[in-house]
Amino acid sequence: MTLISGVIVYFVEGKTGCFISISTSVYWAITTLLTTGYGDTVLQTNFGRLVASVVKILGFSIIVVPIVIIIAEIFKSLSETSWKN
């Protein structure tokens, strides 16, 4: 996902948004996907911002969904244990 979104942003933004190479774009994609987004590279086009929004939503789902599943399983096992007592 990071490689694909990095390449897309590189070709969409070009050099207008400080994306001077594909590696810089992939760096941007990693920081955006992990929801840190340092702000050192700013998107200039609306389509680039749309790509960034999709990457951010995917980043939230990659991080939040597993955490919710783990917490639900812990709660379920604790509930079953306390019900038996």
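On the chain, 73 percent of the accessible area sits on carbon and sulfur atoms, based on a 1.4 Å probe.
Potential lengthening of the chain between VAL68 and LEU50 amounts to 3.8 nm, from the contour at 0.36 nm per residue minus the alpha-carbon distance.
The peptide list 46-52, 4-10, 69-75, put in order of mean Cβ contacts within 10 Å with the highest first, becomes 4-10, 46-52, 69-75.
For Rg and Dmax of the Cα atoms in Å, the value computed from the atomic coordinates appears in the list (i) 11.5, 34; (ii) 18.5, 65; (iii) 12.8, 40 under label (ii).
Using C-alpha pairs under 8 Å with a sequence gap of at least 6, the mean separation divided by the residue count of the chain gives a relative contact order of 27 percent. Magnitude of the charge dipole for the chain, about its Cα centre and with charges confined to Cβ atoms of Lys, Arg (+1) and Asp, Glu (-1), is about 80 debye. Would you mind getting the accessible area per residue of the chain, heavy atoms of the protein chains only, 1.4 Å probe, in Å²? Using a 1.4 Å probe on heavy atoms only, each residue of the chain averages 70 Å².
Helical content alone sets the calculated 222 nm signal of the chain at -25500 deg cm²/dmol, taking -39,500 (n - 2.57) per DSSP H segment of four or more residues and averaging over every residue.
The values are calculated or read from the model by the stated rules, or taken from the named source; none is laboratory data. As the structure is a prediction and not an experimental result, all values here were calculated from the model. Cβ: placed from backbone, ideal geometry, glycine included. Neighbour counts: every protein chain shown. Accessible surface areas use protein heavy atoms only, side chains included; no ligands, DNA or RNA. Shrake-Rupley method; radii C 1.70, N 1.55, O 1.52, S 1.80 Å.
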